[in-house]
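Peer 1: Sharing a structure here in structure tokens format.
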Ligand code: C2G
């Protein structure tokens, strides 16, 4: 049984998110998602997520490629999360290319190409502009 872990906010879910989760799951049998807390998202992106943690959690846990979701509270805890969830492979989008190579001593680290031309930030801008 190969266990995969990935991390993110997954706010205003879009096909880029769906595809990375699907492609992450294809690397093994069990996919755990470290879902950023609202506070962590604020510290990463300088804004509140559109959907609060509880909604993002509900959406992710309903997806068929996702087996387990837990709260990612700090970027500094990543090593502990990987160990605690017994992950064999860490999968991230290639906007994080090279950033998690330090964990290669405890798991395989894979960066997958992002889906082009879509992001939560852009969706927010488009909605704002249409008002
Ligand atoms: N993603 C993608 N294609 C897009 C947009 C996003 O493949 N067009 C991927 C990202 O590369 C990431 C995942 O979807 O792997 C989640 O994206 P975000 O919610 O933006 O995650 P991020 O804020 O980068 O959080 O500990 C690491 C962080 O918590 C990652």
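The numbers here are math on the coordinates, done by the rules we state, and not lab data. Quick caveat, the model's predicted, so the values are computed rather than measured. Cβ: placed from backbone, ideal geometry, glycine included. Neighbour counts: every protein chain shown.
Peer 1: Restricting attention to region 32-60, report how many residues are in contact with a helix residue (DSSP H, G or I) (Cβ under 7 Å, 6 or more places away or on another chain), without any contact (Cβ under 8 Å) to a residue 24 or more places away in the chain and farther than 14 Å from residue 75 by Cα.
Peer 2: Qualifying residue count for the region: 3.
Peer 1: Quick check: anything in region 12-26 farther than 17 Å from residue 119 by Cα, in contact with a helix residue (DSSP H, G or I) (Cβ under 7 Å, 6 or more places away or on another chain) and near the ligand (Cβ under 8 Å from one of its atoms)?
Peer 2: No, the conditions are met nowhere in region 12-26.
Peer 1: Which condition from (1) on the phi > 0 side of the Ramachandran plot; (2) under 13 Å from the mean Cα position of the chain (by Cα) is the one that residue 57 breaks?
Peer 2: (1)
Peer 1: In region 104-118, what residues are near the ligand (Cβ under 7 Å from one of its atoms) and either outside any loop (DSSP other than H, G, I, E, B) or surrounded by 15 or more Cβ atoms within 10 Å (Cβ to Cβ) (or both)?
Peer 2: 112, 114, 115
Peer 1: While we're here: Check every one of the strands (runs of 3 or more DSSP E) wholly within region 1-103 and list those with 1 or more residues that are surrounded by fewer than 15 Cβ atoms within 10 Å (Cβ to Cβ).
Peer 2: 68-72
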